[in-house]
Structures are given as C-alpha cells and as structure tokens.
Amino acid sequence: MTSAEIRAAFLEYFKSRDHTFVQSSPLIPWNDPTLIFVNAGMVQFKKTFLGEEKRNYSRAVSCQKCMRAGGKHSDLENVGHTSRHHTFFEMLGNFSFGDYFKKDAILFGWELLTGSFNLPKDKLYVSVYEQDDEAAELWSDMIGLSDEKIVRLGAKDNFWQMGDTGPCGPCSEIIIDQGSHLGCGKPDCAVGCDCDRFLELWNLVFMQFNRNENGDLTPLPKPSIDTGMGLERISAVLQGKTTNFDTDLFEPIIKDISSVAHIQYGTSHDQDTSMRVIADHMRATVFMLSEGLVPSNEGRGYVLRRIIRRAARHAKLLNMHEASLYRLTDSVNRVIGSIYPEIIGERDRTEKLLKIEEENFYRTIDAGMNRLDEIISRVRKDGLRMIPGEEVFRLYDTYGFPVDFARDIAMDAGLKIDEDAFQREMELQRKRSKAPDVSSGEHKADSVTLSVVTEFTGYDTFKAEATVIALLMEGSPVETLKKGDEGNIFLDRTPFYGESGGQVGDTGTMESENVFLRVLDTKKPSPDVIVHRIKVERGKIAKGEKVICSVDETLRRSTMRNHTATHLLHKALRMTLGDHVKQSGSVVDPERLRFDFTHFHAVHDNEIKAIEDIINEKILEDLAVRTDIMNIKEATRSGAVALFDEKYGETVRVVSVGDFSKELCGGTHCKSTGEIGICIILSEGSVASGIRRIEALSGKNALEYLRSKKQELNEIKGLLKTESPAEKIEKLIQDTKSLEKEIQKLKTGFSGDIISDALKHAQELDGVKIINIRQDGLNPNELRLLADNIRDRLKSGIIVLSSVIDSQASIVCMITQDLAKKYSAGEIVKNISKLAGGKGGGKPEMAQGGTKEIEKLDAALESLHEIVKKATLN
C-alpha cells in the first residue's frame, strides 16, 4: 500500500464507524502556551478532554501534522542516525470523548491492523500497564492473545498523563516483531527493548483518572480514548521497508537530493545519513515556512533556523557548497502537497526565505572558520590541549557553526573540545528556545494564584462600573491599598484593554466617593484575566468595593485609529508586494503603529507611495468596520487572515473593513475608516533576513507630523531665501565641493611651492633620494594626496610626510615603484610610529601610521636614515 492509501484507509475505517473527520490543526498551536509546536494528535482536542469545551460529536478521527523539535519533546539530534526518528511527521489517531472506552479501542485497533492492513497476527505483541488487569483481560479474552504476547510494563512506559495534574490513565501499545535480523542481539532482547526489532506501531491511551495536586487518582465520570500511530512507521511496515526513509514518503525526496548532489544514495553510510537528514528537515522546513514562521534567534523561529542550518551543514558534507536546499521545495510538494495544499500555496515564499537563510549560513560558516582558527592559535600559544566549550558554543550560537565541524577541525589540530562545558551552554540554550511565556512573571503568578475571570466591556464603551475582586501589592494578595500605594487590581468587569495582539494596554482612572485611582497600565496575562496596574492618589480601596472605570478616551481613540490603519496597511502590502507578505509582529499604541512583515528586499519609494495611496483611498471611502464572533474554523474558511504566532481559542473575533480586509483580531477598532483621518508612512527598513518593518502615523499625530515638516520647510525657505529649496541646496552642495577642491589644492601644494621645495632639499642615502617633510594642518587624505604628487615628480626615491592636526600626528610613506622590491614602506612607518609612541604599517610601496604623542614626532623623524637602512628587503 502507498502512504496515501494507508492514510485514506485509516480515516475511512473510522469514519465508517461514526467518527467525525477533523482536519489537522496547524503545527503552531493556536491557544496553548505550554507547547512550542503541536506534537501529538490529541493537542487540538486538549480542552475537550479537560471538559473546558463541548463539541457536537463524541468520536473523532484525524491525521495530524506534528513536530518534535525544540522544547521538551525533540528528536532533532537523532534524525538521520536512526530508522524512525523525525522532526516533522503525521500522526493517525482516533478519539472518544466519553463515548467508547477500552473494549472498542482495542477492537478497532486490532481489526484495522490485522484486517484492513493484513498484518500477521503471530508477529504482533501488546504492552499494558502493569496494574491494568482490565486491558490485559480484553487482549486475552476478546482478541485471543496468549500470555507471552501480553507484556506488562511500568508507569514509565505505559502510563500517560497530560501534565502533573489533570486527566491521565494507562495505555496499551501494539507492537510488531520485525525479526531478529533487526535486533540488538542481546539474549534479553524483548518487547520494551530500544532496538528496532520490537517496533511500537500504535499507542492506545485510556484516559480514566484525574490526578490532583497531591498525586491522588480519582475516576473520571466519562473516560475517554486518545490513540496515535505514526504514518511513517506503519508505511514502512506495510511497504516492507526496514527504515522509514525508504518509504514513498521520503524516497522521491532522497532521489532528488541524490540528483542535486551528484551522489548515489546507498553507497556510503555517512552520505546516506546526510541525505536522510536533508529529506527529513526539508519536510519540516516547508511546513513551518508555510505557516508564516520565519527563521530567527528565539522561540519557534530559532528551532526553524537550527533545522535549516543543520540541513545546510549536511548539504555541505555532500559537497553542495552553495544554496541548494530551496530547489528541493517542489520535491516535498510533489510527495505530500495534495494532502496539505497550503504548502503549495506558499511555495514561492518558502523558496525565497529558504534561499536567503541558506546564503546567510554559508557566509557565516566562512566567518566561523576564521574565528575558530583564531581560537585554535590562542589555545596552542597558551600550551593547552582543550578548546573551551563556551567558545565552541558561541561559534555555534552566533555563526550557526556546526559543532561537528568544530570537532573535526580541532582533531586535525591535535586538540579536543571541552564537551561538558559545551553541553552546559547547550542546555541553557534549549531552555531559552522553549515556548515563549505569554506574560511577565508577576502577572502570570497573579492570575494563577487568584484564578480570577474578568469580563471585558471595552469594545462598546469607555466607562463601566465594576467590583474589586482582588488586590495585590508586590505580588502578594492584600485586603486594601491606601493613598500612595502602587499595586495590581482585578475587577469582575472592565473597559480597560489589556495589552495583547500588539495593542498596548489602556490607561485612565477608577474612582468612587472615597477613592481615586490612576490606572498606569493594563495587561492580559491569559485569555480571561485582565490586570490593572494602579496608583492610589486619594483614599483607600478594598476588595468588594465598586468603582467607576474610565478609560483615557483620547489615547484609546488614537490607538484604535492606528490599529484599524494597521489592517489597511497589511492588505495594501499584500496587494502591492504580493501574497507572500505575512505579518510577523506589530506594535499599536497611541503615538504610532509599527508593522513587521515578510518580504525579501527593500520596499521601493514608488511602492511606498502606492501603499500609502491604497490606505488613504480606503480611509476616504469611510468603509464600515464590522466585528463578527465565529468559530475558528468557520473564520478561516471565510478568508479571515490568521497570524501564525497568535493564540486563538475555538471562538474568535473577525474584524472586517468593508469588503477590503478581514482578519482575526481581538483588538479595538474605529467604527469606520473615515475616523482614521489620514495615514502616512514614516520609514521602511530591515529588521532580520526576510523581515521588513514599516512605521507609520495616523490621525492627529500624522497631521502634527505634516505640520512640523511644513514648518521646517518654511524655515529652510527663509534661510535660503527661495521658494525652490531643493534646487538651491543642490547648487550649494556643488559650490561647496568645488571650494573644497580648491582648498585641497592650496593645502597640498598644487601651486608648486611645497613640491619644488621638497625636491630641491631631498637628501640621499646610498644613492637613494629621501624626502622628509612635516606640513601641519593636513588630514590623512590630504597627506596621501601630497605624497602622490611628490612621487609623480620625484621619479625615484622614498617620501616620508607627517602632519599634526587636532592633536593627532599622521605619517605617510611612499616608495617609487623601482625601489619597492628593495625597501618596505610598511617597515619604515611602523618603526617611525613606534618611536613616536604610536602604531603604523602597510604595504611595501605605501604605508601610514600615527601617534597622539606629537612631542615625540620630530625626534622619531631624525632617525629616518637609520630606519630606512633597516627597512631593506634584501
């Protein structure tokens, strides 16, 4: 069976048994800060398992895109070296939410494997949790497995839990014996061994308990089922392959790698490993880039960068010394694009970003080599045999320099790397590359400790009456806050917007008859919690009191104008530059808007003008801004743009600007585009490879900016006494350049006096003419120009010129071409500068130096003849 047939057969089997097919969720989890990537099929159902959301079905089946690279679950370092580890993979799974349980889960699994997939029953084993008698009996009595085919294992292998607390339960794995030829050869090799003989195919998780904070287990009222089977593994088994990389999921990609590298696959273990790494990493890269992710130095972007650079390193080992990986994008698309059409839709963007990252990598490899050479020289000079691991890690982290390269080069130099120190630094980096925290430590602790829920009313009003439900001071709960105190206040409802989605938090006031509070900032550490940072300016506030909340309306309206303008900007960028443009960050505050987006080169002036024109045309049209509440899947099907790094729940707000723009957004907006007034782009520039940034103003701030520029222009007109300042300035610049040339001519002696005098008073040493002049007031460029003019007239000889300007002495030496093989200008300047307390050097025919100890200059020049004698090259 092909992998496509296996995937289809699995889904069809469960759909025919009343399971609802659920599309794969994106690799980047919408609303789960605990994960850096989706790493299992159950992730998109987590809230359902936890009882936090209801679905209109109780049985589901899916084929989920998964990634295990970065964070707690990472297989990155194993990829290519084993037959079954991958970064990106597909997980087939069936799920029951309080519907069927162990009996049906076991029956479904066995029936599909031995029936539809026709696996030999005598080769199949199962493992069960050592205390799960129920599962063992079902495998024995219902399926008919003998006792030796049912292996009891401990909690480490066969007890699954979502976290330290919450739903959990025993699991049962279906395992196939692939034969002793794939085993480790140990006498005790059996189910549970890490070798490839006994291969886990399918894990059936029986969620039947809830674990509390004390570790106690209580039965769940509605036990559930979560299963997972890797498509790559089952494909290898059904296609008779001993490694996943020989299946039809990888074989076409490896074939193309072989063609690009001009190396036959299967002829060298090391080269085969490199091809497998590239094939795996290309699949991961294509899928991550298709979801809007870009390479960076933190979080998910850092994981993507590591994967690309690891693939590029292995490409280099295959003698692919220039960007080539991007050419394999179509290889991945041909294999799996029909199942996941989003990767085909993002093909051009994927190729461009991948090529940029590859080219950057090859540049940094060269820089890293130079730095490593310096480190090795220093280590040898110090008489050491070990290269510090911290230095190797800095090469790895700063330049992307592969540690394998460093080991090989160190070995060639007779040195070793301090592996322990390197691993310590790597562990710190792994912690840094885990999923980013969604809030500051203080606010996170606040929300977890207090478990409060706040209703946000600020979409429709700037004022609201609210009840104080909690107070904190310096992170600890308190009953009251008095005049002069600063702390955090939690309300049952609030019109204050908490910072999120790039929009800053509101400021304003809270008051009652007895108290007046200044709201300094507002944060949103989790979807249902809003934290107000306040200062008590009058009276005392206590839990349970009611306050009137008033948002600073002027600032909020400015923020709303900028936020709606950001949506217009995003759409205008895509219209002008192309659909590859995706938002990769934004800041929206009362002063201005900042928008980061994917693009591969500078935005030209005419494109900036076109973008500005589109935005302001839509402002003039006064388009209505509408907000709809939708299911996340309904919203994305409607064409709403979702941002890859935002966290979304099942229900989302969709902000539509007429028929022009539609985005998922939880921010606050104008009621119509006319309220924006005007929008002007201030600047455009690069912030990272493939990432550009635009800053812009709207509304009153844009008007004030234009007024200030008009005032500035009027002042310039007044100073220049003209209505055409650009023409006048251009003329002044040309006049200034002409005058500078005249001054330079005068200073460097084009009048002939200095040159003639120098030639007249030239001294001789062993038949060689030597000119030694100190002419103060010349800068280094003027000094070189004067030396050039003297050399042209001298024909043969040595010229040494010096000058003092701004308490700094400059020294230049030039030697005519006929003497350049006999004397070294570099040695002459070096020794003069050294005697004068400075530094210098250069090439045999021209060199320069200097010193700040100008009182030593004349004495050094008096030794010129002795210095010239020592500067002979033969």
Where residue 772 falls short, out of the listed (1) open to solvent by less than 20 Å² (accessible area, probe 1.4 Å); (2) under 26 Å from residue 852 (Cα atoms): (1)
Region 194-231: number of residues that are open to solvent by 30 Å² or more (accessible area, probe 1.4 Å) and in contact with a helix residue (DSSP H, G or I) (Cβ under 6 Å, 6 or more places away or on another chain): 2
Inter-residue pairs, beta-carbon under 8 Å, first free of Cβ contacts under 8 Å to residues at least 40 places away in the same chain and in region 672-688, second open to solvent by less than 20 Å² (accessible area, probe 1.4 Å) and not in a helix (DSSP H, G or I), 6+ apart: 683/694
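Among residues belonging to region 554-579 that are of a type outside the set (Ser, Thr, Tyr) and within 22 Å of residue 463 (Cα to Cα), point out the one that is nearest to the chain's Cα centre (by Cα).
Let us first name the residues in region 554-579 that are of a type outside the set (Ser, Thr, Tyr), namely 555-557, 560-563, 565, 567-575, 577-579.
The next check asks that each one be within 22 Å of residue 463 (Cα to Cα); those that pass are 555-557, 560-563.
Numbers: 555: 32, 556: 31, 557: 32, 560: 28, 561: 29, 562: 26, 563: 24 Å.
Per the criteria, the residue is 563.
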Region 468-506, subset among the polar types (S, T, N, Q) and under 20 Å from residue 561 (Cβ atoms), residue modelled with the lowest pLDDT: 500
Residue list for region 166-187, restricted to those being modelled with pLDDT of 85 or more, surrounded by 13 or more Cβ atoms within 10 Å (Cβ to Cβ) and closer than 17 Å to residue 244 by Cα: 175, 176, 177, 178, 182
Selection from region 596-621 of residues that are modelled with pLDDT of 95 or more and either touching a Phe, Trp or Tyr at 6+ places or on another chain (Cβ under 8 Å) or surrounded by 22 or more Cβ atoms within 10 Å (Cβ to Cβ) (or both): 611, 615, 618, 619
Residues that are at pLDDT below 95 and either touching a strand residue (DSSP E or B) at 6+ places or on another chain (Cβ under 8 Å) or among the β-branched types (Val, Ile, Thr) (or both), drawn from region 298-335: 303, 307, 308
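Could you tell me whether residue 189 is touching a Phe, Trp or Tyr at 6+ places or on another chain (Cβ under 9 Å), closer than 16 Å to residue 97 by Cα and not charged (D, E, K, R)? Give the steps one after another, and end with the answer.
Working: touching a Phe, Trp or Tyr at 6+ places or on another chain (Cβ under 9 Å): yes; closer than 16 Å to residue 97 by Cα: no; not charged (D, E, K, R): yes.
Criteria not met by residue 189.
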Close pairs from region 262-277: first on the phi > 0 side of the Ramachandran plot, partner assigned to a helix (DSSP H, G or I), Cβ under 8 Å, at least 6 apart: 266/272
Residue within region 851-859 that is surrounded by fewer than 16 Cβ atoms within 10 Å (Cβ to Cβ), closer than 30 Å to residue 740 by Cα, under 49 Å from the mean Cα position of the chain (by Cα) and modelled with pLDDT under 95 present: yes
Identity of the residue in region 534-560, open to solvent by 40 Å² or more (accessible area, probe 1.4 Å) and in a helix (DSSP H, G or I), that ends up nearest to residue 660 (Cα to Cα): 557
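Tell me which helices (runs of 4 or more DSSP H) are completely within region 66-167 and hold 3 or more residues being in contact (Cβ under 8 Å) with a residue 40 or more places away in the chain, or say none if there are none. Talk me through it step by step, then tell me what you get.
Working: elements: 102-111, 133-137, 155-158.
Output list reads 102-111.
For region 580-681, please list each of the strands (runs of 3 or more DSSP E) lying entirely inside it that holds at least 2 residues being more than 23 Å from the chain's Cα centre (by Cα). Before the answer, list the steps.
On the way: elements: 583-588, 593-598, 625-631, 651-657, 661-664.
The strands (runs of 3 or more DSSP E) meeting that bar are 625-631, 651-657, 661-664.
Residue by residue, here is whether (1) farther than 24 Å from residue 177 by Cβ; (2) surrounded by 18 or more Cβ atoms within 10 Å (Cβ to Cβ) holds:
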| residue | (1), (2) |
| --- | --- |
| 82 | no, no |
| 100 | yes, yes |
| 107 | no, no |
| 112 | no, yes |
| 116 | no, no |
| 124 | no, yes |
| 127 | no, yes |
| 134 | yes, no |
| 164 | yes, no |
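Quick check, is residue 329 touching a residue at least 12 places away in the same chain (Cβ under 8 Å) and buried (at least 20 other Cβ atoms within 10 Å of the Cβ)? Before the answer, list the steps.
On the way: touching a residue at least 12 places away in the same chain (Cβ under 8 Å): yes; buried (at least 20 other Cβ atoms within 10 Å of the Cβ): yes.
Yes, satisfied.
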Counted residues, region 232-254 - those being open to solvent by 10 Å² or more (accessible area, probe 1.4 Å), more than 18 Å from residue 182 (Cβ to Cβ) and in contact (Cβ under 8 Å) with a residue 40 or more places away in the chain: 2
Hits in region 342-367 (condition: under 21 Å from residue 256 (Cα atoms) and without any contact (Cβ under 8 Å) to a residue 40 or more places away in the chain): 344, 347, 351, 355, 359
Unmet criterion (only one of (1) within 20 Å of residue 858 (Cβ to Cβ); (2) among the small types (Gly, Ala, Ser); (3) at pLDDT 90 or above) for residue 807: (3)
Test: residue in region 272-284 that is out of contact with any Asp or Glu (no Cβ under 9 Å at 6 or more places or on another chain) and surrounded by fewer than 20 Cβ atoms within 10 Å (Cβ to Cβ): yes
Qualifying positions in region 195-218 - in a strand (DSSP E or B) and either closer than 23 Å to residue 24 by Cα or among the acidic types (Asp, Glu) (or both): 200, 201, 202, 203, 204, 205, 206, 207
Some residue of region 302-321 being over 30 Å from residue 428 (Cα atoms) and either touching a residue at least 60 places away in the same chain (Cβ under 8 Å) or open to solvent by less than 20 Å² (accessible area, probe 1.4 Å) (or both): yes
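This table checks each residue for (1) open to solvent by 10 Å² or more (accessible area, probe 1.4 Å); (2) closer than 22 Å to residue 304 by Cβ.
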| site | (1), (2) |
| --- | --- |
| 12 | yes, no |
| 15 | yes, no |
| 22 | no, no |
| 25 | yes, yes |
| 38 | no, yes |
| 44 | yes, yes |
| 48 | yes, no |
| 56 | yes, no |
Any helices (runs of 4 or more DSSP H) falling wholly within region 338-401 and containing at least 3 residues that are open to solvent by 10 Å² or more (accessible area, probe 1.4 Å) and either closer than 20 Å to residue 424 by Cα or hydrophobic (A, V, I, L, M, F, W, C) (or both): 347-381, 389-399
Residue check for residue 709: surrounded by fewer than 19 Cβ atoms within 10 Å (Cβ to Cβ) and more than 26 Å from residue 36 (Cα to Cα): yes
Cβ pairs under 8 Å, 6+ apart, first in region 781-803 and touching a residue at least 60 places away in the same chain (Cβ under 8 Å) and buried (at least 22 other Cβ atoms within 10 Å of the Cβ), second of a type in the set (Ser, Thr, Tyr) and not in a strand (DSSP E or B): 798/816
Scope region 728-765; condition at pLDDT below 75, surrounded by 15 or more Cβ atoms within 10 Å (Cβ to Cβ) and among the hydrophobic types (A, V, I, L, M, F, W, C); matching residues: 750
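The values are calculated or read from the model by the stated rules, or taken from the named source; none is laboratory data. Just so you know, these numbers come straight off a predicted model, no measurement behind them. For neighbour counting, all protein chains shown are included, and Cβ atoms are generated from backbone atoms with ideal geometry for every residue, glycine included. The area values use the complete protein model at the heavy-atom level, side chains included, leaving out ligands, DNA and RNA. Shrake-Rupley method; radii C 1.70, N 1.55, O 1.52, S 1.80 Å.
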